[in-house]
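> Structure in structure tokens, see below.
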Amino acid sequence: MQRKTIDVNEIRAMVNDANCTGTGGPETRLAHNSLLEAILHRTGNYNGYGYLPKQHVPHGCLPGIIPDYDNPENHQFPDETRRQYY
């Protein structure tokens, strides 16, 4: 059997797209995020993530962050699975 590979950046792009456009539950995103983080750490490609604001998630879905620019300590994180990996 021939060995097949996939670029880590392609996997990251797939998970980022699913986190941004997906309308499924947070359990699915949590599974995708956990697998991606394991891959990124094992390959030395982990560069952190940021939470997705309301304008980057489907209408009616909870965002990853509701920022309070006047007081960053008051940021809200309604759905921490809505992430963008770097």
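Bear in mind these aren't lab numbers, they're just calculated from the coordinates by the rules spelled out. Predicted model, so just to flag it, every value in this text is computed and none were measured. FYI the Cβ positions are ideal-geometry reconstructions off the backbone, even for glycines, and counts take in every protein chain you see.
> For the peptides 38-49, 75-86, what is the packing order when you average, over each peptide's residues, the other Cβ atoms within 10 Å and list the highest mean first?
75-86, 38-49
> Long-range amide H contacts for residue 66: which residues qualify at under 5 Å (H placed 1.01 Å from N, peptide plane, sequence gap of 5 or more or a different chain)?
The list, which skips near neighbours in sequence, is 76, 77.
> Okay, moving on. On C-alpha positions alone, give me the angle between the axis of helix 8-21 and the longest principal axis of the chain, in degrees, nearest 10.
Helix 8-21 and the main axis of the chain meet at about 30 degrees.
> Candidates (1) 24, 14, 11; (2) 27, 15, 10; (3) 18, 16, 13; which is the computed semi-axes √(5λ) of the Cα gyration tensor in Å?
The value computed from this structure is option (2).
> Still on this model: In debye to the nearest 20, how big a dipole does the chain give about its Cα centre with +1 on each Lys and Arg Cβ and -1 on each Asp and Glu Cβ? Don't jump to the answer; show the numbers that get you there.
Details: 8 positive and 10 negative charges, 95 e Å.
Computed charge dipole of the chain: roughly 460 debye.
> By how many degrees, between 0 and 90 and to the nearest 10, does the Cα long axis of helix 26-42 differ from the longest principal axis of the chain?
Its long axis makes an angle of about 50 degrees.
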